[in-house]
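What follows is calculated from the coordinates using simple rules that are stated; it is not laboratory data. No experiment lies behind these values; they were computed from the predicted model shown. Counting neighbours? That spans all protein chains shown, and the Cβs are built from the backbone with ideal geometry, glycine included.
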Amino acid sequence: MNIIRQQGWPGTVLALAGLYLSPPAYSEEPIPFSVVAQLTPTNCTIDVNGRQPIDYGDITRNQMDATGAAIALLPRTVPVAIRCDAPTAISLAFVDERPNTANLQLAEHLRAARQTGTLFGLGEMKVRNNAAPVGAFTLGLGPVQVDATPRFWSQYNGADHQPIAPVHDWVPVTSANAGNISYSVTTRRGYIVPGTAFNTTLSVVPVLSPLRDMSNDTIHLDGEFTIEIKHL
Amino acid sequence: MVPDKFPTSMLLAARGLGLAFVLLAMTPCAYAGRDITDQCTFHWEGERIDLGDITAALNSNIVGRQQVTVGKRQMPLEVLCPKPVVLSLRLSEGSGRFGERGLLAFTVASAVADGQRTLLAENYVAGVRNFSAVPTMRLSSQSFVGIAPSNAAGAERYSLAIDIEATLPRVDTRARFNLEVAAQGAVLLTATTVP
């Protein structure tokens with residue numbers, strides 16, 4: 001009897017201590033919450049030539065060279081300003097809104113004038129009841145500044161930024177309608193540069209089809225392109 | 001007759017008892033009263049908190065901060081219990097995350113118990129008299145925030161505000177396309193009577 005009691009006391013005390021030391025099993029009422037937010041891209045706007053069309057006015061037949069293989073119009077350089085409401089890395093993609101209307105035979109003529117790149121369409125005219133191209137034009141990107149600092153153009157294929165060496169200060173637009181190809185603003189080595197103010201110029205070089213291929217009616221130069229700002 | 005010598009087993013028992021009392025005195029759970037959480041009702045409007053559209057323009061004027069606040073909301077919580085209780089709150093595990101790399105911070109503030117402004121104390125439980133109390137306290141899943149009414153008996157009606165602040169890495173706010181960021185979790189509430 002004594003032996004049992006002597007062995008049982010310490011065990012009972014330790015068991016009680018353990019019981020009291022255990023945290024009580026409180027029930028916890030869950031008050032559920034959910035938090036949602038919509039991340040949206042920064043807002044960037046683009047202004048080309050003060051939102052005015054590049055207007056060559058009226059050109060009469062007498063002003064054109066009747067013997068040439070093409071009729072070159074004077075190149076125009078127009079300002080391009082892009083503004084973003086927060087620092088944003090961007091690239092520009094070009095889309096010809098008059099696809100399949102460029103006179104591809106003028107490519108040789110434009111190359112001779114050191115104008116390379118995609119031929120954008122100038123629309124079509126009726127010549128002897130057939131649709132014929134009015135001509136073509138090329139585009140070139142001028143030097144670019146990001147927040148007043150000179151930067152560079154790179155070709156972006158969705159994965160890499162490949163710096164482009166300008167040709168006579170211009171980077172010819174060679175990839176209109178090319179899906180994932182665009183022109184990114186980068187350092188000289190091809191690292192993207194976020195900014196809020198991008199300033200550059202766009203060179204437009206139009207060439208008309210030879211006069212002998214022209215309609216006798218009034219012809220409208222109907223070129224149109226879109227610049228899409230891509231967020232990188 | 002007083003024995004001049006205690007048996008060994010009695011000494012062991014006495015030491016064990018003393019140790020138990022020391023440990024009991026150290027643990028606040030020893031003072032806790034009865035859990036009546038399931039008898040309380042609560043009113044909460046934070047079941048769905050919509051922070052709206054977030055663009056990188058937000059906070060873009062703050063230089064040098066890599067984690068930026070993208071939204072703040074203050075959600076009231078009211079609790080009504082049938083008898084005086086002490087309330088405590090904590091976050092469920094994982095409730096501090098917002099999207100993949102963002103954070104949610106919960107702060108309890110403006111606590112009122114039966115109409116009286118009330119302080120908060122970390123890990124406060126019913127019956128404890130000595131504690132350091134503060135007016136606001138961050139919620140976490142590791143410890144709980146106790147609401148310590150000036151009336152030691154507790155209170156039946158509580159109202160408090162839970163400030164919720166969502167932050168994201170700055171780079172994540174530079175979205176290239178619309179993207180929803182979401183988080184789900186729970187504030188865990190316990191109501192205990194004072195013993």
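For this structure, a couple of remarks:
- Ranked from largest, the principal axis spans of the Cα set of segment A:76-203 equal 54, 30, 28 Å.
- Cα-based Kirkwood hydrodynamic radius, segment B:81-140, one decimal, Å: 13.4
- Averaged over residues, the count of other Cβ atoms within 10 Å places the peptides B:136-143, B:87-94 in the sequence B:87-94, B:136-143, highest first.
- Taken over the C-alpha atoms, chain A has Rg and Dmax values of 34.1, 134 angstrom.
- Prolate/oblate/rounded call for segment B:96-189, Cα gyration tensor, a/c under 1.5 rounded: prolate
- The charge dipole of segment B:34-192, taken about its Cα centre with unit charges on the Cβ of Lys, Arg, Asp and Glu (plus for the first two, minus for the last two), comes to roughly 440 debye.
- Start at zero, step by 10 Å, and the Cα-Cα distances of segment A:49-109 spread as 13, 32, 34, 14, 6, 0 percent across the bins.
- Electrostatic dipole magnitude of segment A:187-232 [Cβ: Lys, Arg +1; Asp, Glu -1; Cα centre; debye, to 20]: 500
- Stretch gain in nm, segment A:Ser27-A:Gln145, where the contour uses 0.36 nm per residue and the Cα spacing is subtracted: 36.2 nm
- Between helix A:2-21 and chain A: long-axis angle, C-alpha atoms, 0 to 90°, nearest 10: 30
- Cβ neighbours within 10 Å from other chains - mean over A:81-93: 2
- Efficiency of FRET from Cβ geometry, A:His168 and B:Glu165, R₀ 45 Å, rounded to 0.05: 0.25
- With the convex hull drawn over the C-alpha atoms of segment B:34-192, the volume per residue is 121 Å³.
- Part-to-part distance (alpha-carbon centres) for segment A:217-232 and segment A:156-204, which is given in Å: 18
- Simple Cβ-charge dipole of segment A:96-182, Lys/Arg +1 and Asp/Glu -1, about Cα centre, in debye nearest 20: 320
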